[in-house]
1. Of all residues in region 228-240 being open to solvent by less than 10 Å² (accessible area, probe 1.4 Å) and assigned to a loop (DSSP other than H, G, I, E, B), which is nearest to residue 271 (Cα to Cα)?
2. Output the number of residues of region 328-352 satisfying the condition of being over 23 Å from residue 245 (Cβ atoms) and out of contact with any helix residue (DSSP H, G or I) (no Cβ under 8 Å at 6 or more places or on another chain).
3. When you look at residue 40, is it open to solvent by 90 Å² or more (accessible area, probe 1.4 Å) and under 14 Å from residue 136 (Cβ atoms), yes or no?
4. For the condition surrounded by 20 or more Cβ atoms within 10 Å (Cβ to Cβ), hydrophobic (A, V, I, L, M, F, W, C), more than 15 Å from the chain's Cα centre (by Cα) and within 18 Å of residue 173 (Cα to Cα), what is the one hit in 268, 285, 263?
5. So which residues in region 151-172 are buried (at least 18 other Cβ atoms within 10 Å of the Cβ) and in a helix (DSSP H, G or I), if there are any at all?
6. Is at least one residue of region 90-104 more than 29 Å from residue 216 (Cβ to Cβ) and either out of contact with any strand residue (DSSP E or B) (no Cβ under 7 Å at 6 or more places or on another chain) or of a type in the set (Lys, Arg) (or both)?
7. Check 366, 304 and return the single one that is without any contact (Cβ under 8 Å) to a residue 40 or more places away in the chain and either touching a Phe, Trp or Tyr at 6+ places or on another chain (Cβ under 8 Å) or under 28 Å from residue 176 (Cβ atoms) (or both).
8. Working only within region 174-191, note down all residues that are without any contact (Cβ under 8 Å) to a residue 24 or more places away in the chain, within 16 Å of residue 156 (Cα to Cα) and either of a type in the set (Ser, Thr, Tyr) or buried (at least 17 other Cβ atoms within 10 Å of the Cβ) (or both).
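The values are calculated or read from the model by the stated rules, or taken from the named source; none is laboratory data. What you are looking at is a predicted structure, and each value in this text was computed from that prediction instead of being measured. Cβ placement follows ideal geometry from the backbone for every residue including glycine, while neighbour counts extend to all protein chains displayed. Ligands, DNA and RNA are excluded from the accessible area calculation, which covers all protein heavy atoms including side chains. Shrake-Rupley method; radii C 1.70, N 1.55, O 1.52, S 1.80 Å.
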Amino acid sequence: MKRTIFTITLSLLIAFTAFAQETVLKPVYLRNSMDSIAQEQFNQSLETLFSEIIQGKINEDLLTPKRAELTKSILQEFVTFESRKDSAAAATQDKQLINIYPISDNEYFLSVAYVNGELTPNPIIFYTIDLIATKTGDNFTFSVPVDYLTRYWKTQTVGNISYHYRGELNTERAKIFDEKNTIIAEKLGVEPEKLDFYMCDHYQEIMELLGFNYSLTSNGQYRDGYGVDAKTIFSVMDNEDFSHDMFHYYSGKINERINRNWITEEGIAYAWGNAYYTDEEGEMITHSQLVKELKNYLTQNPDTDLFELFSKDIKIFKHLAPEVSTRSTISGIIAMEVEKQKGKEGISALINAGSQDRLKNYLTATDDLIGINEKNFDVKVKELILEN
């Protein structure tokens, strides 16, 4: 009896040790329909992908070519996650292959779960990531599942934008966005790009298309869009206009991040694009609409300290959407005046006012460009608001 218990214990220890050596645990109960040779090739490819992610690298040879750039961007989330672990967390087994099944002769849908490696009564789920594994020769390559999950969607091209959607496309909104995409690019002196645009009801659906079946960091988040990433956009609350972030995207092509002042950036994104978020009717909130609302607010509150409203970003548009920024609305008004007086060079100077001490640097730039500073802010900005 003792020998039998010892043998069983030793067998379990050997099995546990074998599992512990795996980067991604493949539990014995997991059903994998591949033959033994394909399974070995798959296991090796998956191990290589995730072991290199742990080391801070993404092996581009293991990315399916069609979606390589977008997949690399998504997998960077896990590189960052691994880099933040302390030594104890890094030593624990937290990745497990929890599902895999064929979707074609050479493609498989798989799910990997990241779970708190410590044996606790209430383990924390960090992620469940879905990928498409494609057999290519003796290896497998991996991709985000967006193409598979949208295989029955419709596609319609409006100008430079290829929309992917299920129900109906609002072509008027789509035309507006295509026009803004061109105008914003031209204002910044870059070529407008051709883009793929996926129409999604909310942020959680976007995350599913990108492979995040669950993410601890974004659980419950639903009002955001995603992009521009690998020339791909995912809509804000099923709206066809993504012009706010198009400005940031094109600006990033010509301006260094360390120089970009985000008070300026958000203001121009509001003025040239929109306020990013939709109202209760699902419409994008425009800058001109916000300027009218701001005028009404000042009429009803004549003693308002405009600089305080701006510097503290006091929310006054909650009836439209809780996220809308008063500071960005005012910054947009100032940016339009800079553009009017100083043209493209003035806009460039305002954008590149600096990312550090952003309010101080922003006001230095506005003072140099059009004479607006903290002391005269209320008088001069009120004049601009009334002119618009």
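1. Step by step, filter region 228-240, then rank; the result is 240.
2. Of the residues in that region, 3 qualify.
3. Taking the combined requirement at face value, the residue does not satisfy it.
4. 285
5. Result: no residue meets the conditions.
6. In the first step, residues of region 90-104 are kept if they are more than 29 Å from residue 216 (Cβ to Cβ); the result is 102, 104.
Then keep just the ones that are either out of contact with any strand residue (DSSP E or B) (no Cβ under 7 Å at 6 or more places or on another chain) or of a type in the set (Lys, Arg) (or both); that gives 104.
Yes, because at least one residue in region 90-104 is more than 29 Å from residue 216 (Cβ to Cβ) and either out of contact with any strand residue (DSSP E or B) (no Cβ under 7 Å at 6 or more places or on another chain) or of a type in the set (Lys, Arg) (or both).
7. Numbers: 366 fails: either touching a Phe, Trp or Tyr at 6+ places or on another chain (Cβ under 8 Å) or under 28 Å from residue 176 (Cβ atoms) (or both).
Of the residues listed, the single one that is without any contact (Cβ under 8 Å) to a residue 40 or more places away in the chain and either touching a Phe, Trp or Tyr at 6+ places or on another chain (Cβ under 8 Å) or under 28 Å from residue 176 (Cβ atoms) (or both) is 304.
8. 178
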